[in-house]
Amino acid sequence: MKLKTYLTATAVAFATTLGAGVVSAEGERFVFVSHAPDSDSWWNTIKTALSEAEGQLGVTVEYRNPPTGDIADMARIVEQAAATNPDGIISSIADFDALSGPLTDAVERGIPVITVNSGTEEQSAELGAMMHIGQPEFLAGEFAGKRAAGEAEIDSFLCVNHYITNAASVDRCAGFAAGLGIDLGSQMIDSGQDPAEIKNKVLAYLAANPETDAVLTLGPTSADPTIEALKENGMAGEIYYGTFDLSSAISQAVKDDIIKWAIDQQPYYQGYLPVVLLTNYSRYGLQLPGNIASGPGFVSKDTIDAVAEEAGVHR
């Protein structure tokens, strides 16, 4: 069975199990608010999950985001969403201080809230959300650091952070340093999100710090330009390189021995599961008692063929 077919069949089975007894669509409407700018293609997998959940459950899910990634804009979007009184809100916690007010207000209005992706289980609970679905980011970074330490001698590294205002991104870099047993120090750069700028900053850092033993990127936004930078300076396949998340370029780089592994946080689940759970909460009052960790999992050259065709779609 092809992976895509398997994932779809599994998703339908899971939805049917949780929603047993549903005879017809009841028209629930949910709003999913992310912090991602329009340019961030990583969220396409979550959009796929939302669309497939809509079709399977007979609900409506509105995806909303700040076009430029501005967090103040995101906070306003949460406020606007709550004002429409949806059956549930799903939101990332990219900046707890900026979003805690709007999300807490939504909960106090009686709107069920599930947090996903960025943020922690503790922050989610403080907001009064039902649960958090995502990857413990510091722990994921720490696992990555320990794996790298077991495969190579690494005393220094470059962490290319394309979303430095998001605490989860910093946690990834800090966790990687902890896993390696070294201090993060100044080894994390604020790369921005422009591909040309990211490439140039990586080239400049590695030129100024030729002793760098490893590179860590935090997703396709920073990984894709970094791959090109390493090809340009001749370090592709020579320097130890790991990344978070998947894309077609990352998948190819894993196959080409440029990237050792990619950490998959399974974003499909971050889109699909909250819609399933909120639907069943709305219809039957069903609620799970805990949080759901969607990752981390490692994809390497040994396993990339099984997931490459789904990168950016279901993985």
Which value in nm describes the separation of the simple spin-label points at residue 248 and residue 193, placed 7 Å from the Cα toward the beta carbon? 2.1
Under a Cβ-only charge scheme (Lys and Arg +1, Asp and Glu -1), can you give me the dipole magnitude of segment 109-183 about the Cα centre, in debye to the nearest 20? 300
Using alpha carbons only, how many degrees (0 to 90, rounded to 10) separate the axis of helix 71-83 from the longest principal axis of the chain? 10
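Given a Förster distance of 51 Å, report the FRET efficiency between residue 153 and residue 80 from their Cβ-Cβ distance, rounded to the nearest 0.05. Write down the numbers at each step before the final one.
Working: r = 52 Å, r/R0 = 1.02.
Efficiency at R0 = 51 Å is approximately 0.50.
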Trypsin sites (Lys or Arg not before Pro), restricted to segment 104-151: which are DSSP loop and have at most 16 other Cβ atoms within 10 Å? 109
Ranking 192, 254, 202 by how far each Cα lies towards the positive end of the charge dipole of the chain (+1 on Lys and Arg Cβ, -1 on Asp and Glu Cβ), the top one is 254
Based on the Cβ-Cβ distance from residue 207 to residue 306, what FRET efficiency comes out when R0 is 41 Å, to the nearest 0.05? 0.65
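What order, most packed first, do the peptides 303-312, 202-211 have when packing is the mean number of other Cβ atoms within 10 Å of each residue?
Top to bottom by mean Cβ count within 10 Å: 303-312, 202-211.
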Taking the Cα centre of segment 28-128 as origin, work out the dipole magnitude from +1 charges on Lys and Arg Cβ and -1 charges on Asp and Glu Cβ, in debye rounded to 20. 260
Listed peptides 71-81, 219-229, 169-179, 279-289 by packing density, highest first (mean Cβ within 10 Å): 219-229, 169-179, 71-81, 279-289
Just need log10 I(q)/I(0) for the chain at q = 0.11 Å⁻¹, Debye formula, equal scatterers on the alpha-carbon atoms, no solvent, rounded to two decimals. -0.67
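For segment 44-83, just say rounded, prolate or oblate: build the C-alpha gyration tensor, square-root its eigenvalues into a ≥ b ≥ c, call rounded for a/c under 1.5, and beyond that prolate if a/b exceeds b/c, oblate if not. Mind dumping the intermediate values first?
On the way: a/c = 5.07, a/b = 1.75, b/c = 2.90.
Oblate, since a/c reaches 1.5 and b/c is not below a/b.
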Nitroxide proxy distance, nm - points 7 Å out along Cα→Cβ at residue 39 and residue 64: 2.4
Less than 11 Å Cβ to Cβ from residue 163, Lys/Arg counted +1 and Asp/Glu -1: what total charge do the surrounding residues give? -2
Of 47/231; 201/255; 146/255, which pairs sit farther than 27 Å apart, going by alpha carbon to alpha carbon? 47/231
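Over 25 Å, how big is the tail of the calculated P(r) for segment 68-214, in percent of all Cα pairs? Write down the numbers at each step before the final one.
On the way: 4336 of 10731 pairs.
Within segment 68-214, distances greater than 25 Å cover 40 percent of Cα pairs.
Between rounded, prolate and oblate, where does segment 140-285 land on the alpha carbon gyration tensor, with a ≥ b ≥ c its root eigenvalues, rounded for a/c under 1.5, else prolate if a/b exceeds b/c?
On the way: a/c = 2.00, a/b = 1.78, b/c = 1.12.
Prolate.
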Cut-off under 5 Å, modelled amide H: who pairs with residue 240 long-range: 215
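Add +1 for every Lys or Arg and -1 for every Asp or Glu among the other residues with Cβ under 13 Å from the Cβ of residue 266, and state the total.
Details: positive: 315; negative: 245, 264, 310.
Combined, the nearby Lys, Arg, Asp and Glu give -2.
Within the accessible area of the chain, what % is carbon and sulfur when the probe is 1.4 Å and the other protein chains stay in place?
Of the solvent-accessible surface of the chain, carbon and sulfur hold 50 percent.
Given axes a ≥ b ≥ c from the Cα gyration tensor, I'd like to know whether segment 171-253 is rounded (a/c under 1.5), prolate (a/b larger than b/c) or oblate. Walk me through the numbers before you get to the answer.
Numbers: a/c = 1.42, a/b = 1.22, b/c = 1.17.
Verdict is rounded for segment 171-253.
In debye, nearest 20: dipole of segment 152-288 around its Cα centre with unit charges on the Cβ of K, R (+) and D, E (-)?
Working: 7 positive and 17 negative charges, 127 e Å.
My answer is approximately 620 debye.
The values are calculated or read from the model by the stated rules, or taken from the named source; none is laboratory data. Quantities reported herein were computed from a predicted structural model and do not represent experimental measurements. Cβ sites come from the backbone with ideal geometry, for glycine too, and all protein chains shown count toward neighbours. Protein only, heavy atoms only, side chains kept; ligands, DNA and RNA dropped before computing areas. Shrake-Rupley method; radii C 1.70, N 1.55, O 1.52, S 1.80 Å.
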